[in-house]
1. Can you give me the Cα centroid spacing of segment 75-124 and segment 22-45 in angstrom?
2. I'd like the Karplus ³J(HN,Hα) series for segment 15-31: coefficients 6.51, -1.76, 1.60, θ = phi - 60°, whole numbers in Hz, and an x wherever there's a Gly or Pro.
3. Can you give me the relative contact order of the chain as a percent, contacts being Cα pairs under 8 Å and 6 or more apart?
4. Could you give the length gained on full extension between Asp44 and Thr108, defined as 0.36 nm per residue of separation minus the Cα-Cα distance, in nm?
5. State, to one decimal in nm², a quarter of the convex hull surface area for the C-alpha atoms of the chain, i.e. the direction-averaged projected area.
6. Using a Gaussian network model on the chain with a 10 Å cutoff between Cα atoms, which of Gly42, Gly98, Gly26 fluctuates the most?
7. So how far apart, in nm, are the two label points at Asp73 and Arg19 if each is 7 Å from Cα heading toward Cβ?
8. Share of the chain's accessible area from carbon and sulfur, percent, 1.4 Å?
Amino acid sequence: QVQLAESGGGLVQAGGSLRLSCAASGRTFSHIFMAWFRQAPGKDREFVSAISSDDNVTSYADSVKGRFTISRDSARNTVTLQMNSLKAEDTAVYYCVGDPSRAILRGTIYPTWWGQGTQVTVAS
């Protein structure tokens, strides 16, 4: 079992930046592929970004490519999502997720482990 805890959400003006962090515990972090999903009001949860467990391969949804950066710190068991040039349409609850499968890099599977989520609101 893996426990995930997000932090760093909040309210920001359009064009601004936020940094989300996720602390993982309960299983060897280096064996877990990590990602971020989000859910906007009235919409389904969607893939945002993912990072591999060992070779730092990353992937991004087209809607955030060039604006968001995912990274991980295996020494601290954390994964971070740096979000720049935020837009109103980025408003959502952001979830830190993990999965033992590399398939999560494609953003097409339902991740095994989920955090509680953190609210990001971008004011236009």
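The values are calculated or read from the model by the stated rules, or taken from the named source; none is laboratory data. Because the structure is a prediction, the values reported are computed rather than measured. Virtual Cβ from ideal backbone geometry, glycine too; neighbours counted across all protein chains shown. In case anyone asks, the SASA skips ligands and DNA or RNA and just uses the protein heavy atoms, side chains included. Shrake-Rupley method; radii C 1.70, N 1.55, O 1.52, S 1.80 Å.
1. 6
2. In residue order, the calculated couplings are x, x, 10, 9, 10, 9, 10, 9, 9, 10, 8, x, 7, 4, 4, 5, 9 Hz.
3. For the chain, the relative contact order is 36 percent.
4. Computed gain between Asp44 and Thr108 is 21.7 nm.
5. Numbers: hull surface 26.9 nm².
Directional mean of the projected Cα hull area for the chain stands at 6.7 nm².
6. Gly42
7. Result for the modelled spin labels: 0.8 nm.
8. Working: 2830 of 6090 Å².
Percent of accessible area from carbon and sulfur atoms in the chain: 46.
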